[in-house]
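Peer 1: Have a look at this one before I ask anything.
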Amino acid sequence: MANLAQLLAWRFGAGVRALLAVNRRTLELRDAYREAGIKFEMHATGLLIAARSRAGLAPVRRRLPASCGEPDQLDRESLVTLEPALDRRNVEAGLHARVEGYVRPEDFCPVC
């Protein structure tokens, strides 16, 4: 079972590293699109990360890029208030990176 846990931790870490690599220039490109006058719908709700334990947040916090700023540390009640779909029995803590947001992808797809 320890080998499975190590493998899953490695795969999770690899996934996080890949996601960070893909998004390395996202904020820079978003700003460039705005400056170029490209119209798109933007929502700056932030990135919410939920964890079953406080200890589970440590590896995620270490991997957050500096562009995310310093995320807010959330307790169970604050986390469930921000995302009511979470089951308060299964989460203990979370992080809220306020710099993050999302756009409507169809705004960038002329045939959608």
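Bear in mind that the values in this text are calculations on the coordinates, not laboratory data. The structure presented is a predicted model; accordingly, all values stated were derived computationally and were not measured. Cβ: placed from backbone, ideal geometry, glycine included. Neighbour counts: every protein chain shown.
Peer 1: If N is the number of residues in the chain, what value comes out of its Cα radius of gyration divided by 2.2 N^0.38 Å?
Peer 2: The chain yields a ratio of 1.26.
Peer 1: Which residue, Ile38, Ser53, Leu82, has the largest displacement toward the positive end of the dipole of the range 2-108 when charges sit on each Cβ (Lys, Arg +1; Asp, Glu -1)?
Peer 2: About the Cα centre, the residue reaching furthest to the positive side is Ser53.
Peer 1: Let me ask another. In what sequence, highest mean first, do 93-100, 56-63 appear when ranked by Cβ atoms within 10 angstrom?
Peer 2: 93-100, 56-63
Peer 1: Per DSSP H run of at least 4 residues, take -39500 (n - 2.57); add these up for the chain, divide by its residues and hand me the 222 nm value, nearest 500 deg cm²/dmol.
Peer 2: -12000 deg cm²/dmol
Peer 1: Loop-only check: which chymotrypsin sites (Phe, Trp or Tyr not before Pro) in the range 5-112 are DSSP coil with at most 14 other Cβ within 10 angstrom?
Peer 2: Phe40
Peer 1: Averaging over all projection directions, find the projected area of the Cα convex hull of the range 1-42 and quote it in nm² with one decimal place.
Peer 2: 3.8 nm²
Peer 1: Here is a further query. Rounded to the nearest 20 Debye, what is the dipole magnitude of the chain about its Cα centre when Lys and Arg each give +1 and Asp and Glu each give -1 at the C-beta?
Peer 2: The dipole of the chain has a size of about 480 debye.
Peer 1: I would also like to ask the following. Taking amide H atoms as placed 1.01 Å from N in the peptide plane, list the residues 5 or more away in sequence, or in a different chain, whose amide H sits under 5 Å from that of Ala93.
Peer 2: Under 5 Å from the amide H of Ala93: Ala51, Ser53.
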